[in-house]
Amino acid sequence: MERLTKDDLTQMDRGYFENLAPKALIDLACRLRDFSVDLVERLEQNSKNSSRPPSSDNPYDKGNGKEFKSEEDDKDACSEDENNSSGDEEHSDSDDPMQSNEVKRSPGKQPGAQGFWRSEPPVPEKIVPHYPTVCTGCGSSALKRSDRPYMGFYVYELEKTDMGIRIRCTLEHYYGAVCECGHETKARPGEGAVSRLEGRKEDLKLTEYSMVGPMLVSFISALSVRYKMSRVKIREFLSYWLGLELSVGTIDKSIREAGVACFPIVEALLEDIQKQEVIHLDETPWYEKGCLRWLWVVISSHIAIFHIGSRKKEELLGLITEAFFGWLVTDGYLAYRSHKKRQRCLAHLIRKGIALTGSVDKKAQKMGEWLLRELRGLIKAVAEDGEGGQQCNLILARLKRVCKLGSEEEHEKLRALAKEILNDWDAVIAFVKNPFLPPTNNEAERALRHAVIARRISFGTRTTEGSRAYAALLSVIETCRLRGQDPWTYIAETVALGRKGMVPSAIRA
Ligand SMILES: [Zn+2]
């Protein structure tokens, strides 16, 4: 028997069933049951039991259902993971050996795996000497340099040429010098901020004592964050195309280093964004060590800030502080509701309206079309006539009427949408009285798009430091883009300054 269509369902209401002969009614009931079974089975499909992509899964069901709720919970949520990964292999309580293996395997090189080392020593193009300039004892600059360096190391740096790029290798030599006062001063590689991470053997320190030069650090970050290449692919790329052999660990460290060097810039941007007149805000699921987190974006005409954290209101208050008095353009998420000057994204409401026009219920279909017509008409009228036009007032009156009627209807989705608009009325129509406000949140959604694709490729970050570094790099790259600046030269400068312990310069407006 043929499957029931939407049109068939539209015609079957209580009155129709009541008039059917018992035999026909039972047949129809059976067909409706078969149809429901099929639907229920389809509802239960996900990436594990069908060919649906993982991105279609409910984010709350991922990461073994774990979600970070607060900083406190962070530890609880992930301690389970840590216990498993460091715990002894033999005593597994898990029934599923595949599952437990997955959790236990720590990232990176496994014990007993083949090592990775340079087969030939690097050949430097030139030797760069570093001498002390003043005596650290008495401050005199009359120093007698020693003939031999007391330390040296190789640095690979990426050089931009007229038509391309090349890698150059230098040998950095550090010298000591003796002063007339008898004190010996040594030139030392610069040192900057240190990023600590619990359980890590070695802290991440910004320092000039590094094999990877600032521009190369920036280049590796570009390959990772902007071009979404994995660490392994970057190693392969550098080896094949530039003849440069770097380990995955060194590549990973370089990306983090670039992120850590960008932390102070993000802090300055956070202060600046509080003074903006209109900012867009949005969030999307993110995974940190398999736990559900949220990637936030706050974006204005020339500042973009990304942040990975919980979805709580407190997290939001860290981004949009009480010092912010401008307009907020958002979707309907409740955490935003307390801000007074707010524009609700109409694109979200329009999408819900479109869903209504496709519903089985005839009346809901009609009301949905009406609602959609008024919402779209309103955007068009404001764009054409500006504020306060006669046309706008008429549309507003009609929109309110359809919402009031809809809010009394039985159809659940129609009622919900109508009430949603009525309950948030001022935010829905704020752009009518303030024509400089965009009626949609496209800016923020577009900014998140890149990260959403990255999440599908990389399945998120692994540590709090990694999350913060990733968000900081995204913030700097996107802010540079908004201001028409080259992010990669800027990040290279920032790394170079950071390695000397100096504050980065602000991004040019
Ligand atoms: Zn001296």
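Being modelled with pLDDT under 95 and of a type in the set (S, T, Y) is true for just one of T494, T461, T479. Which residue is that?
Details: T494 fails: modelled with pLDDT under 95; T479 fails: modelled with pLDDT under 95.
Just a single option satisfies the conditions, and that option is T461.
Determine, yes or no, whether T330 is closer than 29 Å to I279 by Cα and among the β-branched types (V, I, T). Yes: the conditions hold for T330.
Before we move on, is V225 assigned to a helix (DSSP H, G or I), in contact (Cβ under 8 Å) with a residue 40 or more places away in the chain and more than 26 Å from V123 (Cβ to Cβ)? Let's see the steps before the verdict.
On the way: assigned to a helix (DSSP H, G or I): yes; in contact (Cβ under 8 Å) with a residue 40 or more places away in the chain: yes; more than 26 Å from V123 (Cβ to Cβ): yes.
In short, yes.
With respect to being touching a Pro at 6+ places or on another chain (Cβ under 7 Å), crowded, with 16+ Cβ neighbours inside 10 Å, touching a residue at least 24 places away in the same chain (Cβ under 8 Å) and over 24 Å from T463 (Cα atoms), E208 fits the description. Total residues in the range 229-246 satisfying the condition of being surrounded by fewer than 16 Cβ atoms within 10 Å (Cβ to Cβ) and outside any helix (DSSP H, G or I): the figure is 2.
The values are calculated or read from the model by the stated rules, or taken from the named source; none is laboratory data. Nothing here was measured: the structure is a model prediction, and the numbers come from that model. Neighbour counts run over all protein chains shown; Cβ positions are idealised from the backbone, glycine included.
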